[in-house]
Amino acid sequence: MKLLEGKAVLVTGAGGGIGRDFALAMAAAGASVLVNDIGTSVKGEGSDAGPAQKVADEINDRFGGSGARAIANTDSVAQWESANNIVKTAVEAFGRLDVVVNNAGILRDRFFFNMSVEEWRAVIDVHLNGSFYVARAAAPHFKSQESGCYIHMTSTSGLVGNLGQANYSAAKLGIVGLSKSIALDMAKYHVRSNCIAPFAWSRMIGSIPTETEDQKERVAKLKSLETAKIAPLAVFLSSDFSRDISGQIFAVRANEIFLMSQNRPLRSVHRAEGWTPETIAQHAIPSLRAHFYALERSQDVFSWDPA
Ligand code: NAI
């Protein structure tokens, strides 16, 4: 029996990039797959029914005979009503839903001081609000069947930091909080929720500006990172192998898998009589400063070449 035999999976943004490889790998593992994608540009402009249908057709051509089947859906994750329709379509087609992968995404990179309200909202709507909408729409099914698995795509742009991505970093770190909250709130219904921060060469990464030598060098390295390398972890997290794994943040970069840290107190200082701004400067900060984090970006932390 295949690992995901009998399971129904919904992958948002599965018309290309990492999501397409998730959909293919889930189907190869025996799952029925709803391939959602509005077929928009990296910036989230326009729509095209083609990419989702193409991936669904590919799955049915390759795996249809073995019992796996795929359907395409082109609703946007970024509105409550259409997000509900994605879940409804999956449940109606497959009669159940076992896994929701929140993968759809766009980028509107801009330095913070130039970022427009529209650029902020568009990115928050697709990533953070979209992840909430789709997850929330699936929650009653997961709750009533007393099982379910959420996988949310986060990013080291949020976990660590990156230039020119205030909207994206805020959304991706917000998704980490959303995932942890779902993991806590739904544990009693045996529903699990985990995050994956991928590193993979996709059109999204291809949109990174390469003006400086530093940027050119960084993007050249990213080109070797295959989107398909992220899928095995997603299939594992969807399977019964991971029935006791929830509330975690993983990262995948080619053949490396990382467990990412989560915030805990690092060090504390205490003064029985309380603090003044002066004693904070004289006593607290000298003691805490040794543990301050540098203003690092993702590439400073993941500074070695991918293995
Ligand atoms: P991609 O641009 O190839 O795929 C994203 C897909 O989402 C596209 O096919 C797009 O049409 C779809 N989409 C956009 N807005 C949508 C909406 N409102 N409703 C439904 N679908 C929508 O990008 P990639 O790289 O495959 O990204 C997948 C996920 O992984 C994203 O959440 C991204 O933020 C995340 N990620 C990717 C990294 C990488 O190295 N490629 C790094 C960190 C995070």
Once each part is reduced to its C-alpha centroid, what is the distance from region 238-273 to region 84-114 in angstrom?
24 Å
Highest mean first, what order results for 192-205, 105-118, 213-226, 84-97 on Cβ atoms within 10 Å?
192-205, 84-97, 105-118, 213-226
What share of all Cα pairs of region 7-144, in percent, falls into each consecutive 5 Å distance bin?
2, 12, 21, 23, 18, 12, 7, 3, 2, 1, 0
Between 0 and 90°, nearest 10: helix 80-94 axis offset from the chain longest Cα axis:
40 degrees
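When a/c is below 1.5 the answer is rounded, else prolate if a/b is larger than b/c, else oblate, so apply that to the chain with a ≥ b ≥ c taken from the square roots of the Cα gyration tensor eigenvalues.
Values: a/c = 1.89, a/b = 1.51, b/c = 1.25.
Prolate, since a/c reaches 1.5 and a/b exceeds b/c.
What relative contact order, as a whole-number percentage, does the chain give when Cα pairs under 8 Å and 6 or more residues apart are counted? Present the calculation step by step, with values, prior to reporting the outcome.
Numbers: 599 pairs, mean separation 48.7, N = 307.
Reported relative contact order: 16 percent.
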With Cα coordinates, the longest principal axis of the chain makes an angle with the long axis of helix 166-186, in degrees rounded to 10, of 70 degrees
Run lengths n ≥ 4 of DSSP H only: what is the helix-derived mean residue ellipticity at 222 nm for the chain, with -39500 (n - 2.57) per run over all residues, to the nearest 500?
-11500 deg cm²/dmol
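Can you tell me the FRET efficiency between Leu259 and Thr212 if r is taken as the Cβ-Cβ distance and R0 is 45 Å, rounded to the nearest 0.05? Write out the running numbers ahead of the final one.
Working: r = 32 Å, r/R0 = 0.72.
Between Leu259 and Thr212 the formula returns 0.90.
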With the cut-off at 1.5 for a/c, could you classify region 216-307 from its C-alpha gyration tensor as rounded, prolate or oblate?
oblate
How many nm separate the modelled label positions at Ile245 and Arg297, each set 7 Å beyond the Cα in the direction of the Cβ?
3.0 nm
Give me the angle, in degrees from 0 to 90, between the Cα long axis of helix 17-28 and the longest principal axis of the Cα atoms of the chain, rounded to the nearest 10.
50 degrees
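FYI, it's all coordinate maths here, none of it is from the lab. Fair warning: this is a prediction, and the values are worked out from it, not measured in the lab. All Cβ positions, glycine included, derive from the backbone under ideal geometry; neighbour counts span all protein chains shown.
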